[in-house]
Number of protein chains: 2
Amino acid sequence: MKQRLAAIGTVETLPHRVAAFMSREIESGELSPGARLPTEQELSEKFGVSRNVVREAIAQLRADGMIEARQGIGAFVLAPQQRASIRIDREALKDTNNMERLFELRCILEAESAALAAARRSQEHLDAIKTALDRMGGEERWEDGSIDADLLFHREIARATGNSYIHTFISFVCEQIRQSIHYARLTNPLHDLVEVNVGEHVRIYEALVAGDPAAAEAAMRAHIIGAANRVGVRLPLARGERADGGR
Amino acid sequence: MKQRLAAIGTVETLPHRVAAFMSREIESGELSPGARLPTEQELSEKFGVSRNVVREAIAQLRADGMIEARQGIGAFVLAPQQRASIRIDREALKDTNNMERLFELRCILEAESAALAAARRSQEHLDAIKTALDRMGGEERWEDGSIDADLLFHREIARATGNSYIHTFISFVCEQIRQSIHYARLTNPLHDLVEVNVGEHVRIYEALVAGDPAAAEAAMRAHIIGAANRVGVRLPLARGERADGGR
DNA sequence: TCTAATGAAGTTGTAGGATGATATGTATAT
DNA sequence: ATATACATATCATCCTACAACTTCATTAGA
């Protein structure tokens, strides 16, 4: 677990800093889509680094689909819709409002995925889910190991949908939330709520075993709303049940 | 529009190929999390490229959170959960099965988001959505401009949820599907189905205007299932309604 | 003997220059 | 006027060298 901390706090390398700077320039609109970037040599002079560093920075931005380089011409800013990847800024995770949004997104993804998983799960899937569930309940306190098991439980359900994209997306969102909580925590321990948490998981698992999509979806929705509450995020109802009709 | 074609067909650069190779090695498990990568020199010999190219490749993998490099020690494979980004392989988009999975994911995301949008949309949101809708209907054929308007319509709805993450995710998935269709198409034109498509969009819009979450969700779900069918993907029911109880 | 300082070797990080490949515009020759 | 050849600009790749950092063995000293 310390390793992970160290990984997060990795020192900023020069290419990374250059890439971050250029990335901000693009995000902020100073460099609009279609615009041509300065040449590598100009950039290396501007930032006071070698051309090598500039190229590594550009390699990152290129991998993200943020810019496109054409030999003999130059590098150009691409439209946001052409991005090849989704990345969430670490800094933004510290904002509670963003955590609320993340939970909302997670609820949308996982609730319906739970229904899919209930309809499609194989015995092998159920076993994997059960294993994670047991590991979670095994810990008497809400420790890191328990959190890992919790995430694994959710990832295994996502895997049971048979849709690798769903698995990827849910894994990603959950991991973002984990890190977000990691920042926010340290002040409010929530150990005594373990039984509640485990109980919610058991209900999800039972619905999956029963192969009842509607029950699985409902249980998952209740769980995520509960989990959000437990970390101090009041989830503003993610379903149409609200039906206040806008205004 | 030709530009985008050119962008997609960009030649594979050497660092990109090396990064793709190493990425596959990691994904496939040949290099498990925690394992140390060969030194840059060894890699440059293995691939027959300069150390510079290897470094650019590593820069990409590092940006993705796939590996971590420590000066004086080496580079190490990180656990999948520590990935900092989601990326979808372009090659995978050509597989029809993957397109089916993408549509399923999209359905999950957009259906519920439509409900959220119906409950939260402001007049400004509605105007933006209406503008996109008009632009879509303006074209008498199903051309690229119309597709752009279509995507914009969906993105504006996502924006109306007030949740930037939802907007980001939906934009991303839609764009992936667009490119996926781009590959698969050229053989089966689907121009004559425009009215159907526009009609579905109108129903969604009307539900948003009425501020009716349930109706918006249903309309969106019907639309995406329809859109999938129109490109030859039979969506295997994304809701619990199936309720076949597993097996 | 044990401890601490020293130093050598290995690895990533950065710098700088040289050459190849590609696109663009210009000048020349037919 | 058109087409070819050339010059230029830019990215792509390669090469060498050195700096910064880590690890481990060696050695000096108590």
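Averaged per residue, the stretch A:9-111 has 49 square angstrom of accessible surface, using a 1.4 angstrom probe with ligands and nucleic acids left out.
Using per-residue counts of other Cβ atoms within 10 Å, averaged over each peptide, order B:69-81, A:206-218 from highest down.
Values: B:69-81: 14.8, A:206-218: 20.2.
Sorting B:69-81, A:206-218 by mean packing, highest first, produces A:206-218, B:69-81.
For residue A:89, the distances from its label point to the matching points in the remaining copies are 3.2 nm, ordered from shortest, with each point set 7 Å beyond Cα toward Cβ. Proximity of backbone amide H atoms, modeled 1.01 Å from N, is registered between residue B:75 and B:37, B:70 at under 5 Å, excluding neighbours fewer than 5 places apart on the same chain.
Legend: mean number of C-beta atoms from other chains within 10 angstrom of residue C-beta atoms, peptide B:106-113, equals 5.
Averaged over the residues of A:115-128, the number of partner chain Cβ atoms lying within 10 Å of the residue Cβ comes to 3.
Between identical copies, the spacing of residue A:123 label points, each set 7 Å from Cα toward the C-beta atom, reads 6.3 nm from nearest to farthest. Interface of B with A. Using a 1.4 Å probe and counting protein heavy atoms only, the two chains hide about 5900 Å² of accessible surface, both sides summed. If R0 is 35 Å, the Cβ-Cβ spacing of residue A:12 and residue A:71 corresponds to a FRET efficiency of close to 0.75. Once you average over the residues of A:56-66, how many Cβ atoms of partner chains fall within 10 Å of each Cβ? Per-residue shielding by partner chains comes out at 6. Legend: Rg and Dmax of the stretch A:26-137, from Cα coordinates, 21.8, 61 Å.
The values are calculated or read from the model by the stated rules, or taken from the named source; none is laboratory data. This one's a predicted model, so the numbers in the text were calculated from it and none came from an experiment. Reconstructed Cβ throughout: ideal geometry from the backbone, glycine too, with neighbour counts over all protein chains shown. Just so you know, the surface numbers come from the protein's heavy atoms only, side chains and all, with ligands and any DNA or RNA stripped out. Shrake-Rupley method; radii C 1.70, N 1.55, O 1.52, S 1.80 Å.
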